[in-house]
Amino acid sequence: MIKYFDSKFIGIILLVLLCLFSVLVPFFSGYEPHEQDLMKSFSGITNANLLGTDHFGRDMLTRIAYAIQLSFSLAFLTMLTSAIPGILLGVLAAYKRGIIEKILVLFSDIILALPGLLLVLLFVAFAPGNFLYLYLGLSLSLWVEFFRVSRAKTKSILVEPYIESTRLLGFSSFYILKKQILPSLYPVMLTLCAFAMSTAIIAISTLSAIGVGLQPPTAELGSMIVELMPYFEEEPFLVVLPSIFIFLLVLSLQLIAKKDY
């Protein structure tokens, strides 16, 4: 049960506030993320631009909101694509064992042999800035953790006496999976989901920052930092601003994922 002001509660509140910010700001701001007005370049904080404007006169508040939408949406989609096959294949490997388990474990070991960021770089090298390749690379690098943890956890569940009792009573494997295995996996998988989203957000920002992820003028937190870096001495606040929101996004997910001991 979530207690008021514990880490999970704070994380959920922070994430909800960030999501509301990203949804409501574009609705009320009246600006588009790519809308330029060179006459308002680095206009500073005004009533019309609450976080100022960048070197192209684009409203920073609107661009930050769209960037949060993009990072969160891509991270959530990546997490789902990693978690669903990872969990199902992990349960399958633990349940069937034999040659199926050996093949799946071998495949996961091959993927694990490559550092996650390097694997994503191999994908985006085919088309730098392409959303699809970035998404596929992240999904392929993240599913392994779900597979390994769900396989180990399922193996420990399958040796429990109540599982054998359920089998002897004539219940099907699908019933055991639905009613006994998956509910037992839920807490640890929820934690892994939050960690996977944090990893995806950091990876997206890092790849964009080094020029192989999402490219300008796309409103993305990592690419915004790089775009504004030449103007650091003139407008340091605008360079730091996207970093603050990356930190807040990752912090909220890490707090949600934190286990209480």
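Numbers at a glance
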quantity: Single match in ARG151, ARG97 (criterion: out of contact with any Lys or Arg (no Cβ under 8 Å at 6 or more places or on another chain) and at pLDDT 85 or above); calculated: ARG151
quantity: Identity of the residue in segment 185-218, of a type in the set (S, T, N, Q) and at pLDDT 85 or above, that ends up surrounded by the fewest Cβ atoms within 10 Å (Cβ to Cβ); calculated: THR191
quantity: Subset of segment 1-60 [assigned to a loop (DSSP other than H, G, I, E, B), among the aromatic types (Phe, Trp, Tyr) and surrounded by 13 or more Cβ atoms within 10 Å (Cβ to Cβ)]; calculated: TYR31, PHE42, PHE56
quantity: Top-ranked residue of segment 133-175 - restricted to ones that are charged (D, E, K, R) and assigned to a helix (DSSP H, G or I), ranked as nearest to LEU106 (Cα to Cα); calculated: ARG148
quantity: Among the candidates ILE225, ILE181, residue that is in a helix (DSSP H, G or I), modelled with pLDDT of 85 or more and not acidic (Asp, Glu); calculated: ILE225
quantity: Given (1) out of contact with any His (no Cβ under 7 Å at 6 or more places or on another chain); (2) free of Cβ contacts under 8 Å to residues at least 60 places away in the same chain; (3) of a type in the set (Gly, Ala, Ser), number of the condition SER41 does not satisfy; calculated: (1)
quantity: Filter pass, ALA196 being under 18 Å from the mean Cα position of the chain (by Cα), closer than 30 Å to HIS34 by Cα and touching a residue at least 24 places away in the same chain (Cβ under 8 Å); calculated: yes
quantity: Selected residue [in a helix (DSSP H, G or I), within 28 Å of the chain's Cα centre (by Cα) and farther than 24 Å from ILE246 by Cβ] from ILE64, ILE87; calculated: ILE87
quantity: Residues within segment 108-134 that are modelled with pLDDT of 80 or more and in contact with a Phe, Trp or Tyr (Cβ under 9 Å, 6 or more places away or on another chain), tallied; calculated: 2
quantity: Cβ-Cβ under 9 Å pairs, at least 6 apart or on other chains, segment 9-28 side free of Cβ contacts under 8 Å to residues at least 12 places away in the same chain, far side surrounded by fewer than 18 Cβ atoms within 10 Å (Cβ to Cβ) and in a helix (DSSP H, G or I); calculated: LEU17/LEU248
quantity: Of all residues in segment 227-245 being aromatic (Phe, Trp, Tyr) and touching a residue at least 24 places away in the same chain (Cβ under 8 Å), the one that is nearest to ASP59 (Cα to Cα); calculated: PHE237
quantity: Single condition SER156 does not satisfy, out of (1) of a type in the set (Gly, Ala, Ser); (2) closer than 23 Å to LYS179 by Cα; (3) in contact (Cβ under 8 Å) with a residue 24 or more places away in the chain; calculated: (3)
quantity: Residues of segment 221-253 classified as touching a Gly at 6+ places or on another chain (Cβ under 8 Å) and not hydrophobic (A, V, I, L, M, F, W, C), total; calculated: 5
quantity: Residue identified as within 20 Å of GLU32 (Cα to Cα) and buried (at least 19 other Cβ atoms within 10 Å of the Cβ) among LEU249, LEU253, LEU221; calculated: LEU221
quantity: Criterion (over 28 Å from THR218 (Cα atoms) and of a type in the set (S, T, N, Q)) met by exactly one of SER7, SER71; calculated: SER7
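The values are calculated or read from the model by the stated rules, or taken from the named source; none is laboratory data. As the structure is a computational prediction, the values presented were derived from the model and not from experiment. FYI the Cβ positions are ideal-geometry reconstructions off the backbone, even for glycines, and counts take in every protein chain you see.
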